[in-house]
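Asker: Structure incoming, see below.
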Amino acid sequence: MDSHTVLYGVIGNPIRHSKSPIMMNRAFRETGINGAYAAFHVTSERLADFAAGVRAMGIRGVNVTIPHKLDIMSLLDEIDAGAEAIGAVNTIVNDDGRLIGYNTDGIGYVRSLKEEAEPELAGKKMVVLGAGGAARGIVYALTKESPERITIVNRSVERAEELAKAFRSQADIEAAAVESLKEACRQADIVINTTSVGMYPNTEDTPIDGAWLQPGAVASDLIYNPLKTTFLQQAERQGCRVHGGLGMFIYQGAYAFEYWTGRPAPVEAMRETVLDSLQG
Ligand code: NAP
């Protein structure tokens, strides 16, 4: 670091578990950009102070994680149309004191799905399990890929209905009852788990029975701890192609890096750093 170093960071509460600093600092090293990225533990009461600090200090870019993705929006100067539709911001670009909010979670997920599992999403029947914050970004990004149909199934059915309604003008989206999940999975080309079911430490849990999937279909899980959930292990045994959540994390960061620097993100180096840290 020297007097030209440009600052970046991630805010959240809690934040000390975040893999973003090691991933982003590796990206700066790899591309020779004089940047430094830190993790900031910011409480909700200090969020406005933080936004003022970003402007005052000229911090160029910020990632935003739980619990600030919604509340940060009212403190920004401009919200990108995608982030507005999703209703959450996970990336801030500081353009000479003007703070612009983006959401790279959903587009990061779709880029990862296309590069790692299924390049052609058009015409596909998709089932989305869950209707929480992550599902919103993903459904938004999937509607841009011309799917044949998106079926959303959630434990609390009213949340699935609300999500389907929010994006109904963009694609053929329906909310379905948990009872019809088995049949929906049988017909699906891609089944995506956006729930936290199966995440560490409850790694034996699974959101569906893998035997419901058709061989050759794609099973995708947002969870990356563990890297291969019970859902994905069962799907693999059923002859499915499997796609874990690590890629989404890497690509949401890659998009943020690209918005901030205008340079292509060194995706493989970023992945290597995070994988080493998860396995080490
Ligand atoms: P969230 O807003 O709290 O939503 C959680 C979702 O999981 C809801 O649909 C909830 O259903 C469902 N759920 C929770 N426990 C359940 C259970 N026991 N049985 C059935 N459904 C259950 O959380 P989120 O932010 O969307 O995150 C969801 C998952 O995605 C987490 O595992 C998170 O780690 C992962 N994620 C990964 C990335 C990545 O970069 N790979 C990024 C973001 C999130 P109800 O609505 O009925 O409560």
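A quick yes/no check of all residues on (1) more than 20 Å from Glu118 (Cβ to Cβ); (2) not charged (D, E, K, R):
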{"site": "Arg155", "(1), (2)": "yes, no"}
{"site": "Glu162", "(1), (2)": "yes, no"}
{"site": "Ala171", "(1), (2)": "no, yes"}
{"site": "Ala175", "(1), (2)": "yes, yes"}
{"site": "Pro207", "(1), (2)": "no, yes"}
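Asker: Another question, if that's okay. Report yes if Thr143 is within 15 Å of the ligand (Cβ to nearest atom) and either loosely packed, with under 15 Cβ neighbours inside 10 Å or in contact (Cβ under 8 Å) with a residue 24 or more places away in the chain (or both), otherwise no.
Answerer: Judged against the criteria, Thr143 is not a match.
Asker: Select the helices (runs of 4 or more DSSP H) contained entirely in region 36-124, then report the ones holding at least 1 residues which are among the acidic types (Asp, Glu) and surrounded by 19 or more Cβ atoms within 10 Å (Cβ to Cβ).
Answerer: Helices (runs of 4 or more DSSP H) meeting the threshold: 105-116.
Asker: Looking at region 199-242 only, could you name the residues that are within 11 Å of the ligand (Cβ to nearest atom) and crowded, with 19+ Cβ neighbours inside 10 Å?
Answerer: Passing the criteria: Thr206, Pro207, Ile208, Ser220, Asp221, Leu222, Ile223, Tyr224, Thr229.
Asker: Condition first: touching a helix residue (DSSP H, G or I) at 6+ places or on another chain (Cβ under 8 Å), without any contact (Cβ under 8 Å) to a residue 24 or more places away in the chain and either in a helix (DSSP H, G or I) or of a type in the set (Val, Ile, Thr) (or both). Now tell me which residues in region 252-271 satisfy that.
Answerer: Val267
Asker: Those residues that are surrounded by fewer than 17 Cβ atoms within 10 Å (Cβ to Cβ) and closer than 16 Å to Val197 by Cα, I need them from region 146-155; list them, please.
Answerer: Within region 146-155, Arg155 is the sole residue that qualifies.
Asker: Could I ask something else about it? So which residues in region 1-35 are of a type outside the set (A, V, I, L, M) and part of a strand (DSSP E or B), if there are any at all?
Answerer: If the condition is that a residue be of a type outside the set (A, V, I, L, M) and part of a strand (DSSP E or B), then Tyr8, Gly9, Gly12, Gly35 are the ones that fit.
Asker: If you don't mind, another one. Going through Val89, Val110, Val128 one at a time, which residue ends up being in the same structural domain as Ala265 (by TED's automatic domain parsing) and among the β-branched types (Val, Ile, Thr)?
Answerer: Val89
Asker: Would you pick out the residues in region 125-140 that are in a strand (DSSP E or B) and aliphatic (A, V, I, L, M)?
Answerer: Met126, Val127, Val128, Leu129
Asker: Check off (1) in contact with a helix residue (DSSP H, G or I) (Cβ under 6 Å, 6 or more places away or on another chain); (2) within 16 Å of the ligand (Cβ to nearest atom) for Ala51 and give me the number that stays unchecked.
Answerer: Ala51 satisfies every listed condition except (2).
Asker: Would you mention how many residues in region 250-275 are within 13 Å of the ligand (Cβ to nearest atom) and surrounded by 22 or more Cβ atoms within 10 Å (Cβ to Cβ)?
Answerer: Residues meeting the conditions: 7.
Asker: Let me ask another. For region 144-172, enumerate the residues that are within 29 Å of Gln233 (Cβ to Cβ) and under 20 Å from the mean Cα position of the chain (by Cα).
Answerer: Here is the first cut: in region 144-172, the residues within 29 Å of Gln233 (Cβ to Cβ) are 145, 147-157, 159-160, 163.
Correct list: Glu145, Pro147, Ile150, Thr151, Ile152, Val153, Asn154, Arg159, Ala160, Leu163.
The values are calculated or read from the model by the stated rules, or taken from the named source; none is laboratory data. None of the values given here were measured: they were computed from a predicted structure. Neighbour counts run over all protein chains shown; Cβ positions are idealised from the backbone, glycine included.
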